[in-house]
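A short write-up of the structure that comes next.
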Amino acid sequence: MSAGRAKGRPPARPVLGVVVCERDGSPPFAEAFYVRSLLTAGRRFGLDVYAFSPWTWNEERRTVRAWSWDDGAGWRSEERSAPTLAYDRAWPDDPRQRERYRHGLRRMLETRSLRLLNGSLPGKAEVIRALARQPRLRKWLPPSALYRGEASLSGWLRKQDGAAFLKPSRGSQGRRVASVVRDPDGGEWTVRGRNGANRPFRLTGLRQRDALRCLDRWIGMRTYIMQPLLQLTGPAGEPFDLRLLAQRGGDGQWGATGVAVRRGRHGSVTANLHGGGEARNASSYLAETFGETRAAELLRELNEAAFAIIRQLEESYGKFAELGLDFGIDRSGRLWFLEANGKPGRAAMACAGGQAAAEAAWRPLAYARYILLRPPGRVFHEFDPV
């Protein structure tokens, strides 16, 4: 019997903390159903899992306010020792909460007593620059440039035949994206997009200078990326893209958990599920659109592109536990990389087929167990070639 352990008492389970942002009301934080599933499933992996907000950390006592789930009483909180490993699933509601979350997490990380299971990505502009340094990846990257005022967009529109897509470098869930297009007769311009609340808007009959001025005011001081307005639409003209969820598992190796199509509403500029889109099975949707042979080729290329991109992202920004990679396919059948997400959602995986939805939930726990129980000095496999 180990010294200091009471006779008959089971050994303590390794602890994983799930980072959240507390809020008033019920549930007490976003993604409560997913967090609850992590807490419940943690027992099957021999883990003690609880949720916590980083601003509740008490540096003197080395504790946090920990949230657990009780089937009879619901969510309950108590003071517990801070975890040494944390899985970040925090979604701040506003700028003030975002600052509290960042400050609290930074304080914990600076003590070197906490490690994050999942890494983080910088803005989209920095990611594009990092990927473009690898010649092998350039065939999948759309031409991109930073927005630097009305003159930069005017010049970009001349190069791109009167159409452009603009997205914020720090945006998420399809918010605050916009397209600007010269009407076929060449006289007027149309601006479409989604605002900060993810609601669609459309302005028509604009002169070019008015469209440019409108977009410049809308962008303000934010960092934006200009890209071609790729024709990423399905047979009925609906926008669609593909989400590949890649995760490390219980052996520390990367694997593709699943691929799903996200199909947006007709007339929308995005296919994001938060903007009203719906998920479809990728194999069946691509087969309907491009035929079975071409669909199989596209999925193989998607897998090749995804893991080549992951390799470059890890070389640039360190290890990740999971990444959601978004791709588009234009009307000619060409594959384009759209963006990477370091904190990917799970909703689309329900349509990915097989065990994708279940694996998407438990793979982070399996990887956390691998990290927490790995013997000292054991070699970590950086990447499993596919």
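So is Gly25 exposed (fewer than 12 other Cβ atoms within 10 Å of the Cβ), of a type outside the set (A, V, I, L, M, F, W, C) and not assigned by TED's automatic domain parsing to the domain that holds Tyr367 or not?
yes
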Discussion item. Just to be sure I understand, how many residues within segment 309-334 are out of contact with any Gly (no Cβ under 9 Å at 6 or more places or on another chain), surrounded by fewer than 17 Cβ atoms within 10 Å (Cβ to Cβ) and assigned to a helix (DSSP H, G or I)?
Written reply: 2
Item to complete: Kindly list, by first and then second residue, each pair from a residue in segment 217-230 that is farther than 15 Å from Lys124 by Cβ to a residue that is among the polar types (S, T, N, Q) and in a strand (DSSP E or B), limited to pairs with Cβ atoms under 7 Å and residues at least 6 apart or on different chains.
Response: Leu229/Ser179
Practice prompt. Could you tell me which residue of segment 77-111 is modelled with the highest pLDDT, considering only residues that are touching a helix residue (DSSP H, G or I) at 6+ places or on another chain (Cβ under 6 Å) and in a loop (DSSP other than H, G, I, E, B)?
Written response: Ala90
Response to the item:
Per the list (1) of a type in the set (Lys, Arg); (2) surrounded by fewer than 17 Cβ atoms within 10 Å (Cβ to Cβ); (3) out of contact with any Leu (no Cβ under 8 Å at 6 or more places or on another chain); (4) over 25 Å from Met349 (Cα atoms), residue check on Arg13 breaks on (3)
Practice prompt. Would you point out the residue of segment 260-306, among those that are out of contact with any strand residue (DSSP E or B) (no Cβ under 6 Å at 6 or more places or on another chain) and basic (Lys, Arg), that is modelled with the lowest pLDDT?
Written response: Arg265
Item to complete: Taking only segment 155-171 into account, find how many residues are surrounded by 14 or more Cβ atoms within 10 Å (Cβ to Cβ) and within 12 Å of Met226 (Cα to Cα).
Response: 10
Worksheet item: Pro142 is checked against (1) at negative phi; (2) not in a loop (DSSP other than H, G, I, E, B) and fails just one. What number does that condition carry?
Response: (2)
Discussion item. Here's a check for you: in segment 165-183, which residue that is touching a residue at least 60 places away in the same chain (Cβ under 8 Å) and assigned to a strand (DSSP E or B) is nearest to Pro344 (Cα to Cα)?
Written reply: Lys167
Response to the item:
For Ala350, the lone unmet condition from (1) surrounded by 16 or more Cβ atoms within 10 Å (Cβ to Cβ); (2) farther than 25 Å from Phe165 by Cβ is (1)
Response to the item:
Result of the Cβ filter at 7 Å on segment 75-93, keeping first residues that are over 18 Å from Trp362 (Cβ atoms) and partners that are among the acidic types (Asp, Glu) and surrounded by 17 or more Cβ atoms within 10 Å (Cβ to Cβ), at least 6 apart or interchain, is Trp91/Glu31
Fill in: Filter result for Leu116 (touching a residue at least 24 places away in the same chain (Cβ under 8 Å) and either touching a Pro at 6+ places or on another chain (Cβ under 7 Å) or over 30 Å from Glu339 (Cβ atoms) (or both))
no
Worksheet item: Can we say Tyr50 is assigned to a strand (DSSP E or B), in contact with a helix residue (DSSP H, G or I) (Cβ under 9 Å, 6 or more places away or on another chain), closer than 22 Å to Ala360 by Cα and of a type outside the set (A, V, I, L, M)?
Response: yes
Discussion item. I'd like to check something: does segment 28-36 contain any residue that is at pLDDT below 90, surrounded by fewer than 17 Cβ atoms within 10 Å (Cβ to Cβ) and not assigned by TED's automatic domain parsing to the domain that holds Leu166?
Written reply: no
Worksheet item: Given the conditions (1) without any contact (Cβ under 8 Å) to a residue 24 or more places away in the chain; (2) surrounded by 19 or more Cβ atoms within 10 Å (Cβ to Cβ); (3) not β-branched (Val, Ile, Thr), and given that Glu292 satisfies all but one, which numbered condition is not satisfied?
Response: (2)
Discussion item. Return the residues of segment 42-91 that are over 21 Å from Tyr370 (Cβ atoms), buried (at least 20 other Cβ atoms within 10 Å of the Cβ) and either outside the structural domain of Pro27 (by TED's automatic domain parsing) or not hydrophobic (A, V, I, L, M, F, W, C) (or both); say none if nothing qualifies.
Written reply: Ser53, Pro54
Worksheet item: Pick from segment 112-129 the residues that are in contact with a Leu (Cβ under 7 Å, 6 or more places away or on another chain) and not in a loop (DSSP other than H, G, I, E, B): which of them is surrounded by the fewest Cβ atoms within 10 Å (Cβ to Cβ)?
Response: Arg115
Discussion item. Among the numbered criteria (1) of a type outside the set (A, V, I, L, M, F, W, C); (2) under 16 Å from the mean Cα position of the chain (by Cα); (3) part of a helix (DSSP H, G or I), which one does Gly345 miss?
Written reply: (3)
Worksheet entry | Index of the failed condition, Arg148 passing every other in (1) in contact with a helix residue (DSSP H, G or I) (Cβ under 7 Å, 6 or more places away or on another chain); (2) part of a loop (DSSP other than H, G, I, E, B) | (1)
Worksheet item: Do we have Gly186 as assigned to a loop (DSSP other than H, G, I, E, B), at positive phi, touching a residue at least 60 places away in the same chain (Cβ under 8 Å) and not hydrophobic (A, V, I, L, M, F, W, C) here?
Response: no
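The values are calculated or read from the model by the stated rules, or taken from the named source; none is laboratory data. None of the values given here were measured: they were computed from a predicted structure. Cβ: placed from backbone, ideal geometry, glycine included. Neighbour counts: every protein chain shown.
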